[in-house]
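The values are calculated or read from the model by the stated rules, or taken from the named source; none is laboratory data. The structure displayed is predicted, hence computed values, not measured ones. Reconstructed Cβ throughout: ideal geometry from the backbone, glycine too, with neighbour counts over all protein chains shown.
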Amino acid sequence: MQRPALLVTLLAMLALSACQAPTNQQLGGIAGSAVGAMIGSQFGSGAGKLGATIVGGGIGGIIGSQIGRSMDQNAQRQASEAETRAITTGQPGVPVSWNAGSSHGQVIPGPIRKQSGRECRPYTHQIVVDGRGEALRGTACRMPDGSWQTIS
């Protein structure tokens, strides 16, 4: 993990160390911040790299917090697995569904397009938790190692 991403993760962990037991929303926010910061740190150079790391951490924290707000670990795992399947092998416009008790949703991948020399695809993750729905939108790009990473 690069220094700015590590710093964001450590600060988030320190902030929660004063709490009794972190909530799913807090855990989702921390995980999202860490992942977003790692992804953001792959872009730009110098001050631009630091800015991308901070922005990535912020966006990831917001998305992770929204998803983790009321979802238990099983629901978070199911949602994450569906997102991975949709992004890596899903057909454009064909939903990949998941269900975990009172939480369920679907991920709808968009078409793969070239963006900054890489294959990228937009997606929408529709989530329903205890009857409340949210739609999160993102873009994932194929990394040099062949894996897919959410960049926004």
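So that you can scan it fast, the table gives a plain yes or no per residue for (1) over 17 Å from the mean Cα position of the chain (by Cα); (2) modelled with pLDDT under 90; (3) under 21 Å from residue 149 (Cβ atoms):
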{"site": "68", "(1), (2), (3)": "no, yes, yes"}
{"site": "98", "(1), (2), (3)": "no, no, yes"}
{"site": "112", "(1), (2), (3)": "yes, no, yes"}
{"site": "120", "(1), (2), (3)": "no, no, yes"}
{"site": "138", "(1), (2), (3)": "no, no, yes"}
Selected residue [loosely packed, with under 14 Cβ neighbours inside 10 Å and outside any strand (DSSP E or B)] from 81, 119: 81
Residue match in region 111-121 (condition: in contact with a Gly (Cβ under 7 Å, 6 or more places away or on another chain) and basic (Lys, Arg)): yes
Any hit, region 90-100, residues being in contact with a His (Cβ under 9 Å, 6 or more places away or on another chain), surrounded by fewer than 19 Cβ atoms within 10 Å (Cβ to Cβ), free of Cβ contacts under 8 Å to residues at least 40 places away in the same chain and not acidic (Asp, Glu): yes
Any hit, region 115-128, residues being over 20 Å from residue 75 (Cα atoms) and of a type in the set (A, V, I, L, M): no
Pairs where the first residue, in region 132-144, is surrounded by 13 or more Cβ atoms within 10 Å (Cβ to Cβ) and the second is among the hydrophobic types (A, V, I, L, M, F, W, C) and in a strand (DSSP E or B), C-beta under 6 Å, 6+ apart: 134/127; 139/120; 140/148; 141/120; 142/148
